[in-house]
1. Mean residue ellipticity at 222 nm from the helices of chain A, using -39,500 (n - 2.57) per DSSP H segment of n ≥ 4 over the full residue count, to the nearest 500 deg cm²/dmol?
2. What percent do you get for the relative contact order of chain A when only Cα pairs under 8 Å and 6+ apart count?
3. Taking amide hydrogens as modeled 1.01 Å from N in the peptide plane, which residues meet the under 5 Å criterion relative to A:S10, leaving out close sequence neighbours?
4. Under 12 Å from the Cβ of A:L64, count the other residues' Cβ atoms, weight Lys and Arg +1, Asp and Glu -1, and hand me the total.
5. Only bridges whose two residues both fall in chain A count here: according to DSSP, what percent of them are antiparallel, nearest 5?
6. Enumerate by residue number the trypsin sites (Lys or Arg not before Pro) in segment A:17-79 meeting two conditions: DSSP loop (anything except H, G, I, E, B), and at most 16 other Cβ atoms within 10 Å of the site's Cβ.
7. Give the angle, between 0 and 90 degrees and rounded to the nearest 10, that separates the Cα long axis of helix A:189-208 from the longest principal axis of the Cα atoms of chain A.
8. Quick one: if you stick a label point 7 Å off each Cα along the C-beta vector at A:A40 and A:K385, how many nm between them?
Amino acid sequence: MIEFKVVKKSKKSAARLGVLRTPHGEVMTPAIVPVATLAAIKALRTDEVAATGTQMLISNTYHLHLQPGEDVVKSAGGINKFMGWNGPSMTDSGGFQVFSLGWGKDLGVGKVTSAKKASAHHPDKIEKAIAKGNQPRHVTITEDGVKFRSPLTGDEMFLGPEESIAIQGKIGADIMFAFDECTPPGATRDYMARSLARTHRWALRSLAARRTKQGLYGIVQGSNYEDLRKESARFIGAIEGFDGFGIGGDLGESREGTKRILKWVVPHLDEHLPRHLLGMGHLEDIENIMTGGVDTFDCTVPTHYARHGIAFTSKGRVDFTKAPLLKSKEPVDRACGCPVCTVYRRNYVAHLFRAGEISGGAMLTVHNLWFFNGYVARLRERIKKGLL
RNA sequence: GCGUCGGUGGCGGAGCGGUCAAUCGCAACAGACUGUAAAUCUGUCGCCCAUUGGGCUACGUAGGUUCGAAUCCUACCCGACGCA
């Protein structure tokens with residue numbers, strides 16, 4: 001059971017402050033939700049994660065199904081006990097993997113890769129590949145769900161709405177997501193429309209498959225087509241029983257595009273229910289996301305970039321793989337009070353990266369999470385003061 | 001002192017007469033990364049111009065053989081090992 005309460009609505013934008021109550025505590029929204037795909041924020045212990053101001057985590061159904069398997073998580077007492085995380089949690093449905101391991105992998109594109117950019121590398125490839133009703137190499141998408149081979153064992157596996165919800169039920173996070181298809185940017189409208197209709201049917205099946213008291217969010221798709229996005233928002237928004245909404249898929253080729261999509265979608269969603277934007281949260285996006293009316297959003301950027309040596313600081317990005325930092329006696333970020341910045345200097349962190357020491361990635365993960373959480377908290381403060 | 005093997009680009013290490021400025025790995029440098037295939041991936045990596053391309057100097061040093069050598073021969077220098 002979850003509960004959401006809007007505490008304040010901005011007069012300047014669609015932004016709002018809220019409280020999301022879960023069996024594992026409250027989330028002050030808007031909030032960023034760091035990604036713990038395999039029931040782990042890579043490189044960190046959960047107590048270290050808690051010390052970064054992180055309120056909620058999202059793990060992944062597909063990955064946990066492959067390893068260690070949902071039964072292991074269930075017998076551990078659910079994901080919270082399993083990973084020693086006392087706070088709220090969500091699980092993504094595996095819908096994103098339908099894309100990332102399917103078309104995404106085949107075509108070498110990410111979900112935010114613009115169609116233009118992608119087709120510059122593969123002229124006409126995307127349209128042709130997808131338009132003809134072909135299937136990606138590694139997954140087969142049917143009305144029932146998605147067939148794929150485990151990259152771990154090579155075994156044939158299947159994930160559909162019923163399977164995803166059953167697995168998420170055993171994992172036991174506070175909030176689950178409906179099974180959807182995250183469509184590839186650059187696909188034809190025709191493909192998008194057919195995929196959307198199927199995702200809608202999957203949403204109803206996901207809801208019908210729920211056997212637990214966990215929250216369940218329906219997911220709005222529709223890529224960057226106005227009519228499809230609106231249609232999707234109306235359809236998903238009208239379904240009785242969802243505890244909130246996810247907004248997923250291709251979110252436009254630019255920050256303006258994302259803004260536009262949120263404008264199309266958000267007005268059709270019940271304002272009393274929480275809205276979660278799936279997989280977006282670069283620093284530069286966050287203000288737009290909030291003013292667009294999003295309550296929670298997840299993103300791998302702070303954790304992923306950290307392991308690649310990038311720290312986000314009050315003065316912009318700092319790349320710790322660069323040699324000159326070996327001579328810097330500054331903290332990672334002068335203006336930061338995180339557990340890393342209060343102890344370590346840039347020269348040491350840079351050394352750890354150049355030496356391939358994993359603690360370097362761990363340190364920047366702590367810092368980046370602290371920084372992103374702080375950034376979001378300051379924006380919440382601005383909403384509170386009526387500035388946003 | 002004699003013998004054997006060896007000396008290749010920042011390092012390790014291929015190549016053993018032409019297609020070699022030289023496979024590959026590491027390091028270095030640059031770039032990418034938005035519901036994590038991701039402590040990953042891509043590119044550059046002798047020097048000088050250039051868009052394809054061209055020029056120059058290079059495989060211990062100095063000579064030589066050959067149309068042509070990192071690759072064959074000779075001498076020398078250096079290293080490892082073995083024998084005195």
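1. Mean residue ellipticity at 222 nm (helix-derived): -11000 deg cm²/dmol.
2. Over chain A, the number comes to 19 percent.
3. A:A15, A:R16, A:L17
4. Taking every Cβ under 12 Å from that of A:L64, the sum is -1.
5. Taking every DSSP beta bridge within chain A, about 50 percent pair in antiparallel fashion.
6. Those satisfying the criteria are A:R45.
7. 90
8. Taking the simple label geometry, A:A40 and A:K385 are separated by 4.1 nm.
All of the numbers you see were taken from the coordinates with simple rules; none came from a lab. Computed from a predicted model, the values in this text were never measured in an experiment. Cβ: placed from backbone, ideal geometry, glycine included. Neighbour counts: every protein chain shown.
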